[in-house]
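Participant: Got a structure here, written out as structure tokens. Questions coming.
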Amino acid sequence: MVRGSLIVLGALILAFGALIVALENPSTKGPVRCWLQETLYTQEWQEAPAGTPVIEAVRTTEPVRDMCDAADDPAIWQAGETFFVLGTNKQRSLNVYDAAGKLVSRADDLGAPNNVDMRDWEGRVLAFASDKDDAQIEGFVFDPGAGALDPIAGAPFAAVAEDEVYGLCLYKSAAALYVFTTDKSGLIVQYRLEPVGADGSMAVREVRRLRVATQPEACAVDDAASALYVGEEDIGVWRFDAREHGGDRGVLIAKTGNERPLTADVEGLAIYAGEEPDQGYLIASSQGDNTFAVFDRAAPHRFRGRFQVAHRGTLIGDTDGIAVRSGDLGGEFESGLMVIQDGFIRTGGREGAQAQAGERRQQRFAYVAWADIAAALDLERPPLPAR
């Protein structure tokens, strides 16, 4: 009896050890994670409220090369009517897509890049991504001419981790560039980026810690208003002062729950900026009901409505990251562009549950014209900032 129990225990230990090795091995971690997600992950789908408009995406990007839950978060760079979209493949890479959705380059052999953000800073276009496997911040210089990413000298940077480094966003003030990371523990850390060499090398210095009670992921900063928004997945959206001496008190501006604008999980957050800080909108991915909630950018952040997105008649949902850019990006995007992650990992119809029942599919990102969103929700079109 004892011997049999020891044999079973030994077999379980060996199986667990083999699983850990497979998750650490670059050649096997993708398929193993895929199997775990399909075996263990279930989602209780909730229907969107009646009357929620469905907006047709203009196009989608090429799919990421890994199956199951791989794509996560986008960021947008724009100069005039030229733009690129950076998107994370959290199984291995940071991808660069052009306006047509074509993959033009990628930074490979990363750990697990989860969230990404970018800013123009001191003559360079900088992109940063959270790496949850390695508890660090990946940093790149983006070359718009080549559509390519080159590592910043000094990167990757070590990040403070209590549980798992998860979300990331940037804040550009008049004097400095900052990185915020969120941790599954509820910790939010603010770092100041500092040049350290003539070769363009940089370092990060921690300047502040904030906290929410449960797991956050997405964050976004309204640079002009110095406002940091953090999505606490089961609770709602918080606003903090983004300045490094701004204190640690947050305001819960939107909540999850029945008869509320958001259905857990709260995922991606993005700012559609008007010419003035009180013009424009805050958008949140309401993952539980496959909708996107729109709030006024200015306090008290009035809820303006919600919408869903489809491509060729099929609902896009289970969305993690989103990005929004105001201004004229050309063509269909003359009033702005929203990019969303299509999170379904199975083919299917409009219902979220059906997306778990079809064939495996590879995730991608969808491009949505802001003019279509504004028309569907009867939103004002504020004067747009000069680019």
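Bear in mind these aren't lab numbers, they're just calculated from the coordinates by the rules spelled out. Not measured: the values here are computed from a predicted model. Cβ coordinates were reconstructed from backbone atoms using ideal geometry, including for glycine residues, and neighbour counts include every protein chain displayed.
Participant: How would you rank 264-270, 277-283, 78-84, 108-114, highest first, on the average number of other Cβ atoms within 10 Å across their residues?
Facilitator: 264-270, 277-283, 108-114, 78-84
Participant: Next question, about the same structure. Given 0.36 nm per residue, what is the gain on full extension from ALA79 to SER226 after removing their alpha carbon distance, in nm?
Facilitator: 50.6 nm
Participant: Relative contact order (percent) for the stretch 150-263, with alpha-carbon contacts under 8 angstrom and 6 or more residues of separation?
Facilitator: The value is 19 percent.
Participant: Provide the net charge surrounding ALA174, with neighbours chosen by a C-beta distance below 11 Å and charges set as Lys +1, Arg +1, Asp -1, Glu -1.
Facilitator: Net charge in that neighbourhood comes out at +1.
Participant: For the pair ARG361/ASP120, report the inter-label distance in nm, with labels modelled 7 Å from Cα in the Cβ direction.
Facilitator: It works out to 3.6 nm between the two label points.
Participant: Taking the Cα centre of the stretch 182-334 as the origin, how large is its charge dipole in debye, to the nearest 20, when only Lys and Arg (+1) and Asp and Glu (-1) carry charge on their Cβ atoms?
Facilitator: Once rounded to the nearest 20, the dipole reads 400 debye.
Participant: What is the P(r) of the stretch 132-226, as percent of Cα-Cα pairs per 5 Å bin from 0?
Facilitator: Values per bin, smallest distances first: 3, 13, 21, 23, 20, 13, 5, 2, 0.
Participant: According to a simple spin-label model (label point 7 Å from Cα along Cα-to-Cβ), what is the distance in nm between ARG209 and ASP328?
Facilitator: About 4.9 nm separates the two model spin labels.
Participant: Measure out, as a whole number of angstrom, how far apart the alpha-carbon centroids of the stretch 83-147 and the stretch 242-267 sit.
Facilitator: 26
Participant: Let me ask something additional. Using θ = phi - 60° and the Karplus relation 6.51 cos²θ - 1.76 cosθ + 1.60, list the HN-Hα couplings for the stretch 158-171 in order, rounded to whole Hz, with x at every Gly or Pro.
Facilitator: Result, ordered by residue: 5, 10, 6, 10, 9, 10, 7, 5, 10, x, 7, 8, 10, 9 Hz.
Participant: What order, most packed first, do the peptides 179-185, 54-60, 69-75, 316-322 have when packing is the mean number of other Cβ atoms within 10 Å of each residue?
Facilitator: Result, highest mean Cβ count within 10 Å first: 69-75, 316-322, 179-185, 54-60.
Participant: A follow-up question, please. I want to check the label-to-label distance for ALA299 and SER201. Put each point 7 Å from Cα in the C-beta direction and report it in nm to one decimal.
Facilitator: 4.3
Participant: How much net charge surrounds GLY274 when only other residues with a Cβ under 12 Å from its Cβ are counted (Lys, Arg +1; Asp, Glu -1)?
Facilitator: That sum, taken over residues with Cβ under 12 Å, equals -4.
Participant: How large is the helix-only mean residue ellipticity at 222 nm for the chain, computed as the sum of -39500 (n - 2.57) over DSSP H runs with n ≥ 4, divided by its residue count, in deg cm²/dmol to the nearest 500?
Facilitator: Taking each H run of at least 4 residues, the total per residue is -3500 deg cm²/dmol.
Participant: If I take every Cα pair under 8 Å that is 6 or more residues apart in the stretch 162-225, average their sequence separation and divide by the length, what percent do I get for the relative contact order?
Facilitator: 35
Participant: Using the beta-carbon distance between SER185 and HIS245 and R0 = 30 Å, what value does 1/(1 + (r/R0)^6) give for FRET efficiency, to the nearest 0.05?
Facilitator: 0.80
Participant: Would you please give the residues with an amide H less than 5 Å from that of ILE316, counting only those at least 5 places away or on a separate chain, with H modeled from the backbone geometry?
Facilitator: VAL309, ALA310, HIS311
Participant: Would you work out the relative contact order for the chain, in percent, from Cα pairs under 8 angstrom that are 6 or more residues apart?
Facilitator: 15
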